[in-house]
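**Q** Structure incoming, see below.
The numbers here are math on the coordinates, done by the rules we state, and not lab data. Since we're looking at a predicted model, the values are computed, not measured. Virtual Cβ from ideal backbone geometry, glycine too; neighbours counted across all protein chains shown.
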Amino acid sequence: MSEPVILDGKSLAKESRIALKREIDALKQKNASANPVLATILVGDDPASATYVKMKQTSCKKVGMESLKVEMPKETTTEELLAKIRELNADPSVRGILLQHPVPKQIDERVCFDAIALEKDVDGVTCLGFGMMAMGENVYGSATPQGIMTLIDHYGIDLKGKDVVVVGRSPILGKPLAMMMLNKHATVTICHSRTTNLAEKIRQADVVVGAVGIPRFIKAEWIKDGAVIIDAGYHPAENCGDVDLENAAAKSSAYTPVPGGVGPMTIATLIAQTVDSAKKYFR
Ligand code: NAP
């Protein structure tokens, strides 16, 4: 069997940043008042969330775009967060709004996500955006699955007629990814914590997606020879994803490494969608 192709998200994200920087420079040259901003909202003091937000802000800076850091205390109510989102919706310089998930549990996260204006929903979290994406409309997709689709497309992997198994059905990852792949004419099976005979389902798959949140959950012996492996998981303590890649990668025809596969594509997608939103506004 030939060597598997490494789906190198890190390199592709870097290429994307260079192209986006050029686009932002051109936009500012064309329109001196164009100063697009990505607003990031962090509620509470979860250190992992703070790190993710910081990474997103750093990426913004690298492409020459400003970020507006909104930090709210962990006691914030739904109403207070909604008021902040409405304020950002009304601010013309803000072209993208990112509400870092998860928010403290007294907040109705769904209501707050859905308050984000569709044209500023660059992280693809609203129900309206999800519905439109599922119907094949041109709308910003949830950043991680959209990043996975960009990576797959970049490497010329054709999903038409392929049997795909997505393990995980979260609203930000498994569920939208399944819809995106269905729209590319794959036959998609979505698995979750109540799925029976998971190993058998994965054995049939031409493409396997790990979006479970459990380190090395998907075993190498479940994977068909020559399958494509997309590992969306990342567990920094173990430095691994949701698939046992150490043993499974060699059986695959292509795989996303962990780290350096899906992760960098998530931020790259968020930034690309913010730049697109800015370009549409500051014509
Ligand atoms: P999540 O919201 O916790 O969802 C996990 C999903 O896995 C759920 O649908 C759950 O099923 C399913 N699941 C749990 N145990 C299972 C089992 N034993 N068998 C089959 N399915 C099972 O997680 P998430 O936010 O989607 O994230 C998933 C992974 O992706 C995590 O490792 C996370 O770190 C990673 N992630 C990475 C990025 C990135 O930028 N790279 C972004 C987002 C997430 P139920 O629905 O039945 O509970």
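**Q** What per residue convex hull volume, in Å³, do the alpha-carbon atoms of region 114-183 yield?
**A** It comes to 82 Å³ per residue, whole-number rounded.
**Q** So if we plug the beta-carbon distance of Ser49 and Glu15 into 1/(1 + (r/R0)^6) with R0 = 22 Å, what FRET efficiency do we get, rounded to 0.05?
**A** Computed FRET efficiency for Ser49 and Glu15 comes out at 0.20.
**Q** What list do you get for Phe113, Phe282 if you sort them by fewest beta carbons within 10 Å?
**A** Phe282, Phe113
**Q** Can you tell me how much longer the chain between His185 and Glu79 gets when fully stretched, taken as 0.36 nm per residue apart minus their C-alpha distance, in nm with one decimal?
**A** 34.0 nm
**Q** Between Pro145, Pro104, Pro236, which gets the highest mean-square fluctuation from a Gaussian network model of the chain, Cα cutoff 10 Å?
**A** Comparing Pro145, Pro104, Pro236 in a Gaussian network model of the chain, the most mobile one is Pro236.
**Q** Distances longer than 27 Å among the Cα atoms of the chain: what percent of all pairs is that?
**A** Counting every Cα pair in the chain, those more than 27 Å apart make up 40 percent.
**Q** A further question on this structure: As a check on your grasp of the helix formula, calculate [θ] at 222 nm for the chain: sum -39500 (n - 2.57) over DSSP H runs of n ≥ 4, divide by the residue count, round to the nearest 500.
**A** Numbers: 10 runs with 117 residues, N = 283.
Helix contribution divided over all residues of the chain: -12500 deg cm²/dmol.
**Q** A 22 angstrom limit on the alpha carbon distance is what I want to check against. Which of Lys56/Lys120; Lys62/Lys105; Lys30/Lys54 exceed it?
**A** Lys62/Lys105; Lys30/Lys54
**Q** Restricting to Cα pairs below 8 Å that are 6+ residues apart, what does the relative contact order work out to for the chain? Please round to a whole percent.
**A** 22 percent
**Q** Next question. Can you tell which of Glu109, Glu137, Glu66 shows the greatest fluctuation in a Gaussian network model of the chain with Cα springs below 10 Å?
**A** For the chain, modelled as a Gaussian network with Cα springs under 10 Å, the answer is Glu137.
**Q** Something else now. In whole Hz and in residue order, list the ³J(HN,Hα) couplings for region 67-84 that follow from phi through the Karplus curve 6.51 cos²θ - 1.76 cosθ + 1.60, θ = phi - 60°; x for Gly and Pro.
**A** Karplus-based 3J(HN,Hα) across region 67-84 equals 10, 10, 8, 10, 10, 10, x, 5, 8, 3, 9, 4, 4, 5, 5, 4, 4, 5 Hz.
**Q** Highest GNM mean-square fluctuation, the chain, Cα pairs closer than 10 Å: which of Ser67, Ser193, Ser252?
**A** Of the options given, Ser193 has the highest mean-square fluctuation.
**Q** Separate question: Given a Förster radius of 30 Å and the C-beta distance between Asn31 and Asp108 as r, what FRET efficiency does 1/(1 + (r/R0)^6) yield to the nearest 0.05?
**A** Details: r = 38 Å, r/R0 = 1.25.
Efficiency for this residue pair is about 0.20.
**Q** If each residue's Cβ is checked for other Cβ atoms within 10 Å, how do Ser277, Ser142 rank with the fewest at the top?
**A** Working: Ser277 22, Ser142 27.
With the sparsest Cβ surroundings first, the list reads Ser277, Ser142.
**Q** Could you pull out every one of the aspartates and glutamates with an alpha carbon less than 14 Å from that of Lys280, ignoring same-chain neighbours closer than 8 positions?
**A** Glu23, Glu119, Asp121
**Q** Next question, about the same structure. Roughly how big is the chain's charge dipole about its Cα centre, with Cβ charges of +1 (Lys, Arg) and -1 (Asp, Glu), in debye to the nearest 20?
**A** 580 debye
**Q** Please report the net charge: other residues with Cβ closer than 14 Å to the Cβ of Lys279, K and R +1, D and E -1. Don't skip to the answer; put the middle values down first.
**A** Details: positive: Lys21, Arg22, Lys28, Lys30, Arg95, Lys120, Lys280, Arg283; negative: Glu23, Asp25, Glu119, Asp276.
Charge balance in the 14 Å sphere: +4.
**Q** When Asp123, Asp276 are ordered from fewest to most other Cβ atoms inside 10 Å of their Cβ, what list results?
**A** Least to most surrounded, the residues fall as Asp276, Asp123.
**Q** Sticking with this one: Kirkwood hydrodynamic radius (Cα pairs, Å) of region 122-250? It would help to have the intermediate numbers written out before the result.
**A** On the way: mean 1/r = 0.0677 Å⁻¹.
Final number for the Kirkwood radius of region 122-250 is 14.8 Å.
**Q** Then there's this: Does a label point 7 Å from the Cα of Glu66, set along Cα-to-beta-carbon, have any residues of region 239-283 with amide nitrogen under 20 Å, and which are they?
**A** 271-283
**Q** Would you mind pulling out the separation of the Cα centroids of region 35-55 and region 135-155, in Å?
**A** If we compute the Cα centre of each part, the gap is 22 Å.
**Q** Among rounded, prolate and oblate, which fits region 32-118 when a ≥ b ≥ c are the square roots of the eigenvalues of its C-alpha gyration tensor, a/c under 1.5 means rounded, and a/b larger than b/c means prolate? Numbers along the way, then the final one.
**A** Working: a/c = 2.47, a/b = 1.34, b/c = 1.84.
Verdict is oblate for region 32-118.
**Q** Can you compute the label reach from Arg283? Point 7 Å from Cα along the Cβ direction, backbone N cut-off under 16 Å, restricted to region 14-28.
**A** Of the residues in region 14-28, 27 have backbone N under 16 Å from the label point off Arg283.
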